[in-house]
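Participant: The structure under discussion is supplied below as structure tokens; questions concerning it will follow.
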Amino acid sequence: MASTDLRGSLAERAAAPAVLPALTAGGLTWRPATTDDAPALLDLRNTIAAADHEPYRESLAEIVELLGTPWRDLAADTVLGLDAAGALRAYGDVETMPGDTRRVRAFLWGGVHPDRRGEGIGREVFAWQEARARQVLAASGKDVPGRLAGFLEDNAPAAKVRLYERAGFTPRRYYSDLERDLRDLRTHPLPVVELGDGLRLVPLDDEHDEPARLAHNDAFRDHWGSEPQTPEQWRSGRATYAPEWSFVVVDPAPDVEALLADPATDAETAAALQVGAPLVVGYHVGSRYTEDFAVRGHPFGYTDILGVRRAYRGRKVAVALLAAGMRAFAADGMAVAALDVDTQNPSGAHGLYASLGYTKRHGSRLLTIEL
């Protein structure tokens with residue numbers, strides 16, 4: 001696969017248009033989204049998900065949170081298409097993250113109501129999204145590589161796949177949705193892990209929340225496509241967060257001198273070590289996606305994020321955390337444990353999940369234009 005040509009600034013490579021493409025198809029009226037549109041947007045997104053056989057549904061709390069994200073510029077980065085009766089029939093959204101430092105990413109989200117497909121609405125919305133995404137990258141002020149990105153489920157409609165292909169997007173990464181049955185723990189028990197060297201597994205509480213963010217940024221630094229999360233990012237997206245399913249492993253007596261001398265230790269972690277903050281070395285963030293229970297056919301607990309600091313890998317921290325999360329799921333009556341993983345994860349996560357009985361249920365892929 002050819003590497004990205006980094007000649008010129010990101011603003012030049014983005015080739016952003018001065019004016020966004022017009023939206024005229026289908027006789028819809030177009031305007032930006034506001035927080036008041038959450039119920040209508042929820043209905044449209046879930047209608048699209050059902051029509052396209054997507055393995056998830058969303059809740060009103062998730063959409064309210066999405067539209068209320070502090071760094072979002074809804075007026076510039078979203079568009080809604082309404083019919084003559086005022087019903088929402090299409091939407092487009094371009095999402096960026098404030099913590100992006102190594103690569104600036106612009107994610108494209110959008111869709112058209114099943115009853116209004118085949119009228120050219122989707123093509124126009126997609127063209128608007130790509131153009132707006134290029135504007136966002138060009139205006140970022142971060143002269144690093146850029147990426148336009150969108151996700152497709154493995155069973156995505158052919159018309160949606162063609163939109164990406166015609167625009168020059170190519171598959172860049174593949175993901176597997178994994179499940180592990182929790183109804184057979186007597187015959188297939190979870191491992192009991194004794195953490196050595198004084199490491200302690202405790203609930204992820206307020207005291208450990210910020211240290212967990214620092215651990216996440218360290219753990220995912222070598223993961224493809226990952227970028228650091230700011231405190232604001234880390235605390236967002238918690239409509240589905242389940243604290244009763246979330247845990248951290250803490251080192252109460254870390255080798256501070258060695259960590260400070262390690263050039264891989266980031267500045268935020270170094271500052272925390274110098275003031276004696278708890279060192280979270282691994283974390284398991286669980287989420288409860290109640291709206292998806294009916295789609296999957298059973299209640300399940302979801303591992304949203306699992307990570308271990310690179311200096312602590314190979315010490316069974318991930319196994320201890322994942323087993324703790326799975327036991328918490330089972331104790332709450334969840335039939336299945338679920339998670340999503342990059343098929344090329346560099347930390348060996350696939351082997352870990354397979355050893356604990358996870359199997360693939362579904363797949364998705366990321367398509368990008370690299371700039």
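The values are calculated or read from the model by the stated rules, or taken from the named source; none is laboratory data. Treat the numbers as computed from the prediction; the structure is a model and nothing was measured. Please note: Cβ atoms are built from the backbone with ideal geometry, for glycine as well, and neighbour counts cover all protein chains shown. Only protein heavy atoms, including side chains, enter the accessible area calculation; ligands, DNA and RNA are left aside. Shrake-Rupley method; radii C 1.70, N 1.55, O 1.52, S 1.80 Å.
Participant: Output the residues belonging to the stretch 134-158 that are part of a helix (DSSP H, G or I) and either among the basic types (K, R) or buried (at least 18 other Cβ atoms within 10 Å of the Cβ) (or both).
Facilitator: R134, Q135, V136, L137, A138
Participant: Can you name the residue in the stretch 317-357 that is in a loop (DSSP other than H, G, I, E, B) and at pLDDT 95 or above and, of all such residues, is surrounded by the fewest Cβ atoms within 10 Å (Cβ to Cβ)?
Facilitator: Checking each candidate, the answer is G333.
Participant: Residues in the stretch 198-229 that are farther than 19 Å from V319 by Cβ, in contact (Cβ under 8 Å) with a residue 12 or more places away in the chain and either open to solvent by 30 Å² or more (accessible area, probe 1.4 Å) or in a strand (DSSP E or B) (or both): how many?
Facilitator: So the count comes out to 8.
Participant: If a residue must be open to solvent by 30 Å² or more (accessible area, probe 1.4 Å) and within 18 Å of S236 (Cα to Cα), how many such residues does the stretch 73-82 contain?
Facilitator: 1
Participant: Further, regarding this structure: Of all residues in the stretch 230-269, count the ones that are among the hydrophobic types (A, V, I, L, M, F, W, C) and either within 17 Å of R313 (Cβ to Cβ) or at pLDDT 95 or above (or both).
Facilitator: The qualifying residues number 11.
Participant: So the check is Cβ under 9 Å with 6+ separation or different chains; which pairs have a first residue in the stretch 286-309 that's within 13 Å of A328 (Cβ to Cβ) and modelled with pLDDT of 95 or more and a second one that's buried (at least 18 other Cβ atoms within 10 Å of the Cβ) and acidic (D, E)?
Facilitator: Short answer, once both residue conditions are applied: G286/D304; S287/D304; F300/E179; F300/D292; Y302/D292.
Participant: Kindly indicate which of V193, V161 is under 25 Å from A354 (Cα atoms) and open to solvent by less than 50 Å² (accessible area, probe 1.4 Å).
Facilitator: Sole residue among the options that is under 25 Å from A354 (Cα atoms) and open to solvent by less than 50 Å² (accessible area, probe 1.4 Å): V193.
Participant: Identify, please: which residue in the stretch 230-261 is over 11 Å from R309 (Cβ atoms) and of a type in the set (D, E) and is, among those, most open to solvent (accessible area, probe 1.4 Å)?
Facilitator: Across the stretch 230-261, the extreme among qualifying residues is E257.
Participant: Here's another thing I want to ask about it. For the stretch 272-285, give me each residue that is at pLDDT 90 or above and farther than 17 Å from R313 by Cα.
Facilitator: Selection gives V285 alone.
Participant: For residues that are open to solvent by less than 70 Å² (accessible area, probe 1.4 Å) and either under 17 Å from the mean Cα position of the chain (by Cα) or closer than 15 Å to L201 by Cα (or both), tally how many sit in the stretch 296-316.
Facilitator: Qualifying residue count for the region: 10.
Participant: Among the residues of the stretch 83-95, write down those that are surrounded by fewer than 18 Cβ atoms within 10 Å (Cβ to Cβ) and at negative phi.
Facilitator: Listed by number, the residues that qualify are D83, A84, A85, A87.
Participant: Ok, one more. G276 versus (1) farther than 21 Å from A324 by Cβ; (2) part of a helix (DSSP H, G or I); (3) without any contact (Cβ under 8 Å) to a residue 40 or more places away in the chain: which is the lone unmet condition?
Facilitator: With (1) farther than 21 Å from A324 by Cβ; (2) part of a helix (DSSP H, G or I); (3) without any contact (Cβ under 8 Å) to a residue 40 or more places away in the chain applied to G276, the lone miss is (2).
Participant: Can you pull out every residue in the stretch 47-67 that is assigned to a helix (DSSP H, G or I), under 15 Å from T240 (Cβ atoms) and open to solvent by 20 Å² or more (accessible area, probe 1.4 Å)?
Facilitator: L60, A61, E62, V64, E65, L66 - these are the residues of the stretch 47-67 that are assigned to a helix (DSSP H, G or I), under 15 Å from T240 (Cβ atoms) and open to solvent by 20 Å² or more (accessible area, probe 1.4 Å).
Participant: It is to be established whether one or more residues within the stretch 231-254 are in contact with a helix residue (DSSP H, G or I) (Cβ under 8 Å, 6 or more places away or on another chain), of a type in the set (F, W, Y) and closer than 30 Å to A106 by Cβ.
Facilitator: Yes, the stretch 231-254 contains at least one residue that is in contact with a helix residue (DSSP H, G or I) (Cβ under 8 Å, 6 or more places away or on another chain), of a type in the set (F, W, Y) and closer than 30 Å to A106 by Cβ.
Participant: Could you say whether any residue in the stretch 254-271 is in a loop (DSSP other than H, G, I, E, B), within 26 Å of M97 (Cβ to Cβ) and in contact with a strand residue (DSSP E or B) (Cβ under 6 Å, 6 or more places away or on another chain)?
Facilitator: No, the stretch 254-271 contains no residue that is in a loop (DSSP other than H, G, I, E, B), within 26 Å of M97 (Cβ to Cβ) and in contact with a strand residue (DSSP E or B) (Cβ under 6 Å, 6 or more places away or on another chain).
Participant: Restricting attention to the stretch 153-165, does a residue exist that is on the phi > 0 side of the Ramachandran plot and either of a type outside the set (K, R) or without any contact (Cβ under 8 Å) to a residue 60 or more places away in the chain (or both)?
Facilitator: No, that holds for no residue.
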